[in-house]
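The values are calculated or read from the model by the stated rules, or taken from the named source; none is laboratory data. All of these numbers come straight from a predicted model, not from anything done at the bench. All Cβ positions, even for glycine, are placed from backbone atoms using ideal geometry, and neighbour counts span all protein chains on display. Just the protein is used for accessible areas: all its heavy atoms, side chains included, with ligands, DNA and RNA removed. Shrake-Rupley method; radii C 1.70, N 1.55, O 1.52, S 1.80 Å.
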Amino acid sequence: MTTIIANRRQTIFGLAAVSAGLACPVFAQSGPVIQVVKDPDCGCCSAWIEIMYRAGFEMEVWNARHEDLLKYKAANGISEDMASCHTAKVEGYTIEGHVPPADVRRLLMQRPDAVGLSVPGMPYGSPGMGPESERDAYSVFLIHRNGGHEIFSDYDAKP
């Protein structure tokens, strides 16, 4: 039988490592994987990706030429009137544009039979598009499989 005796230094480092793991649960667990296709030069897309990452989502990013991005949007159920700058996929749903993390989480909890969510255009103050404290009013739309859509969430303007 082998007996392992930890010295004082090993014990302190071991306790520090365990404490750090408990203090930083975001690093110990990862949320759903969001796969983003975007233009390589788009700064607001990168800002949205960072916001989603900080909200606990695992992010995978692919850059695409504009023409390829448009084809990807169409192939994933995004019509021109629902389009924005980047397109993402998470657990079978399409996420178009600057959709807030809370709405993506709600979608994944409710699991509606739908294509996904969209924030059409690029409204000022939506995640990645400037400070939320000064945002324009905007809506998040649930896109139905038949091409229709309805409001999923509304965000009031903040002057």
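Here are the numbers for this structure:
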read-out	value
In nm, spacing of pseudo-spin labels at ALA157 and GLN35 (7 Å Cα→C-beta vector)	3.9
Rounded to 5, the percent of DSSP beta bridges in the range 56-149 classed as antiparallel	65
Förster-model FRET efficiency, 35 Å R0, GLN110 and ASP81, C-beta, rounded to 0.05	0.90
Residues of the range 49-159: accessible area per residue with a 1.4 Å probe, Å²	51
Order by protection proxy (mean Cβ within 10 Å, highest first), peptides 67-73, 146-152	67-73, 146-152
